[in-house]
Amino acid sequence: MEKQEGRGAATVRTDDPWYDALASGWGELDGTGTPTTPVAPGPGAAPASAERCPGAADIYLEVQRSAAFQDVRRRYRRFVFPATLAFLTWYLAYVVAATTAPDLMARPVAGAVNVAMVAGLGQFLSTFLLTWAYARHARLHRDRDALDLRWSVFDLTRTRESGTARAGERRG
């Protein structure tokens, strides 16, 4: 991650809590060399312990309802929706012009290069510009907060797992 300046720059964690971690139960071997997949408990299954520990779904719902998550999503939508609308409008204008105004598109610009070729190359250029703008917007406006959210989920999950392990020690 690049060095960040500004709000909260000193508290940014650059390591990713889940970089090489498998989802719980996925890809683990069962002793015979066969990967196991987690099985969800049935609808009438009772919790393993009397005290209710928040499950992964509860943690994710809590984070999803948080103001920080809503802020990240709002910043994402404020960029993506207008950019998508602008790009689709530009693309459809190119297609419509190519089909309804062939004389305009065949007009020479320089030598054998015509308006259609310039507009087609403009499509490629605008794709690269949009990709660059999206990556820049994500880096400057969302990545830091999204990584903070990821760490909070990781910390909540770790707290839940250590609480479950302690409850198992008390019973055994």
>> Quick check on this structure: which one of ALA146, ALA138 is in contact with a helix residue (DSSP H, G or I) (Cβ under 7 Å, 6 or more places away or on another chain), in a helix (DSSP H, G or I) and under 30 Å from ALA56 (Cβ atoms)?
In response: ALA146
> So which of ALA56, ALA101, ALA116 ends up being in contact (Cβ under 8 Å) with a residue 40 or more places away in the chain and of a type in the set (A, V, I, L, M)?
Replying inline: ALA56
>> Can you tell me which of (1) open to solvent by 40 Å² or more (accessible area, probe 1.4 Å); (2) under 33 Å from the mean Cα position of the chain (by Cα) is the one ALA119 doesn't meet?
In response: (1)
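This table checks each residue for (1) modelled with pLDDT of 90 or more; (2) assigned to a helix (DSSP H, G or I); (3) of a type outside the set (Lys, Arg); (4) surrounded by 10 or more Cβ atoms within 10 Å (Cβ to Cβ).
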residue: ALA45; (1), (2), (3), (4): no, no, yes, no
residue: ARG52; (1), (2), (3), (4): no, no, no, no
residue: ILE59; (1), (2), (3), (4): no, yes, yes, yes
residue: GLU62; (1), (2), (3), (4): no, yes, yes, yes
residue: VAL80; (1), (2), (3), (4): yes, yes, yes, yes
residue: TYR91; (1), (2), (3), (4): yes, yes, yes, yes
> What residue, among those in segment 73-115 that are in contact with a Lys or Arg (Cβ under 9 Å, 6 or more places away or on another chain) and among the hydrophobic types (A, V, I, L, M, F, W, C), is farthest from ASP143 (Cα to Cα)?
Replying inline: VAL115
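Could you please find all residues in segment 122-164 being over 22 Å from THR84 (Cα atoms), under 15 Å from the mean Cα position of the chain (by Cα) and not basic (Lys, Arg)? Spell out the reasoning first.
Kept after step one, since they are over 22 Å from THR84 (Cα atoms), are these residues of segment 122-164: 144-145, 147-164.
Next, only the ones that are under 15 Å from the mean Cα position of the chain (by Cα) stay: 144-145, 147-151, 153.
Across segment 122-164, the qualifying residues are ASP145, LEU147, ASP148, LEU149, TRP151, VAL153.
The values are calculated or read from the model by the stated rules, or taken from the named source; none is laboratory data. It should be emphasised that the depicted structure is a prediction, and the values quoted were computed from it without experimental measurement. Quick reminder, even Gly has a Cβ in these numbers, built from the backbone with ideal geometry, and neighbours come from all protein chains shown. What goes into the accessible areas is simple: the full protein's heavy atoms, side chains included, and nothing from ligands, DNA or RNA. Shrake-Rupley method; radii C 1.70, N 1.55, O 1.52, S 1.80 Å.
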